[in-house]
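A quick write-up on the structure given underneath.
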Amino acid sequence: MLLVKPVSRVKLYISKYIALMTYAIFVLLFISIVGYIIGGFFVGFGGLFDDRIVGMKRLGQEYGYMTDYSSAYLITNFKYYLQILLLLILLFAVFIAFSMLISVFTKSATVSLVATMGLIIFGNIISGIFSQYTWTKFLLMPHFNLLRHLEGGFLYSGVSLSFSIFTITIYTIIFMIIGIFSFKQKDII
């Protein structure tokens with residue numbers, strides 16, 4: 001039925017991306033709600049609107065790993081969890097774009113899944129190995145743990161949350177453009 005209607009490959013690729021993002025968001029929300037309910041039974045439902053300190057900056061090794069609280073601010077736990085969910089959705093966007101890019105080249109869902117898991121697992125290892133170089137902050141892998149920005153422990157000095165979001169967005173766009181271009185060139189068998 002898919003090949004009967006005249007649908008452009010760009011529309012097909014983007015609609016697949018939107019469908020996967022929608023599914024990922026629903027799964028994330030479902031897991032979050034179920035986790036909150038189960039956690040509430042064990043430790044209680046209070047504390048959702050208690051305050052939490054975020055936004056502090058951990059100074060580098062040259063300052064003895066001290067924490068600078070001058071930029072810290074208070075938010076409620078609910079707002080903090082909402083920020084975490086939004087940052088995870090951003091990460092899902094780049095992982096899904098990468099997975100779709102790999103699946104275009106290999107035509108295998110298994111290889112695509114393994115490559116994406118490899119990017120997540122070995123990406124953090126590789127970024128840790130090369131963390132002493134300044135060019136590493138322009139790679140995708142150091143930006144996988146966006147919670148470091150909320151908690152003040154990012155590996156590289158001078159990297160803000162907006163820089164990480166910008167980097168992830170650029171990589172997502174690059175993966176999507178390469179994927180769409182490659183998908184347009186492939187023959188459907």
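Yes or no, residue by residue, for (1) surrounded by 13 or more Cβ atoms within 10 Å (Cβ to Cβ); (2) closer than 18 Å to T169 by Cα:
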residue	(1), (2)
I84	yes, yes
L88	yes, yes
L91	yes, yes
I96	yes, yes
S103	yes, no
V111	yes, no
F122	no, no
I126	yes, no
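Which pairs have Cβ atoms under 8 Å, sit 6 or more apart or on different chains, and link a residue in the range 120-143 that is in a helix (DSSP H, G or I) to one that is among the small types (G, A, S)?
Sorted first by the residue in the range 120-143, then by its partner, the pairs are T136/S127; K137/G158; M141/G123; M141/S127; P142/S127; P142/S131; H143/S164.
When the residues of the range 132-144 are narrowed to those that are farther than 30 Å from Q185 by Cα and surrounded by 13 or more Cβ atoms within 10 Å (Cβ to Cβ), which ends up nearest to the chain's Cα centre (by Cα)? Break it down stepwise before answering.
Step one: list which residues in the range 132-144 are farther than 30 Å from Q185 by Cα, which gives 132-137, 142-144.
The next check asks that each one be surrounded by 13 or more Cβ atoms within 10 Å (Cβ to Cβ); those that pass are 136-137, 142-144.
Details: T136: 17, K137: 15, P142: 11, H143: 8, F144: 6 Å.
Residue satisfying both the conditions and the ranking: F144.
Determine whether G46 is out of contact with any Lys or Arg (no Cβ under 9 Å at 6 or more places or on another chain), assigned to a helix (DSSP H, G or I) and farther than 18 Å from F175 by Cβ.
Here the answer is no, as G46 does not meet what is asked.
In this structure, does L150 turn out to be in contact (Cβ under 8 Å) with a residue 60 or more places away in the chain and closer than 18 Å to T172 by Cβ?
Considered against the rule, which asks whether it is in contact (Cβ under 8 Å) with a residue 60 or more places away in the chain and closer than 18 Å to T172 by Cβ, L150 comes out as no.
Here is a list: I37, I33, I53. Which entry is more than 30 Å from I173 (Cβ to Cβ), in contact with a Leu (Cβ under 7 Å, 6 or more places away or on another chain) and at pLDDT below 95? I'd like the intermediate steps shown before the answer.
Values: I37 fails: in contact with a Leu (Cβ under 7 Å, 6 or more places away or on another chain); I33 fails: in contact with a Leu (Cβ under 7 Å, 6 or more places away or on another chain).
Criteria check complete, one pass: I53.
If you take the residues of the range 67-106 that are outside any helix (DSSP H, G or I) and either under 18 Å from M176 (Cβ atoms) or among the polar types (S, T, N, Q) (or both), which of them is modelled with the lowest pLDDT?
Checking each candidate, the answer is T67.
For every residue, the table says whether it meets (1) free of Cβ contacts under 8 Å to residues at least 60 places away in the same chain; (2) more than 18 Å from I25 (Cα to Cα).
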position: S70; (1), (2): yes, yes
position: Y80; (1), (2): no, no
position: L87; (1), (2): no, no
position: F98; (1), (2): no, no
position: L101; (1), (2): no, yes
position: V104; (1), (2): no, yes
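State whether the residues of the range 158-180 include one that is farther than 27 Å from T22 by Cβ and in a helix (DSSP H, G or I).
Yes: the range 158-180 contains one or more residues that are farther than 27 Å from T22 by Cβ and in a helix (DSSP H, G or I).
Which residues, taken from the range 6-33, are surrounded by 11 or more Cβ atoms within 10 Å (Cβ to Cβ) and either within 21 Å of F78 (Cβ to Cβ) or touching a strand residue (DSSP E or B) at 6+ places or on another chain (Cβ under 7 Å) (or both)?
Across the range 6-33, the qualifying residues are I25, V27, L28, L29, S32.
The values are calculated or read from the model by the stated rules, or taken from the named source; none is laboratory data. In this text, all values refer to a predicted model and were calculated from it rather than measured experimentally. Glycine also receives a Cβ, built like all others from the backbone with ideal geometry; neighbour counts cover every protein chain displayed.
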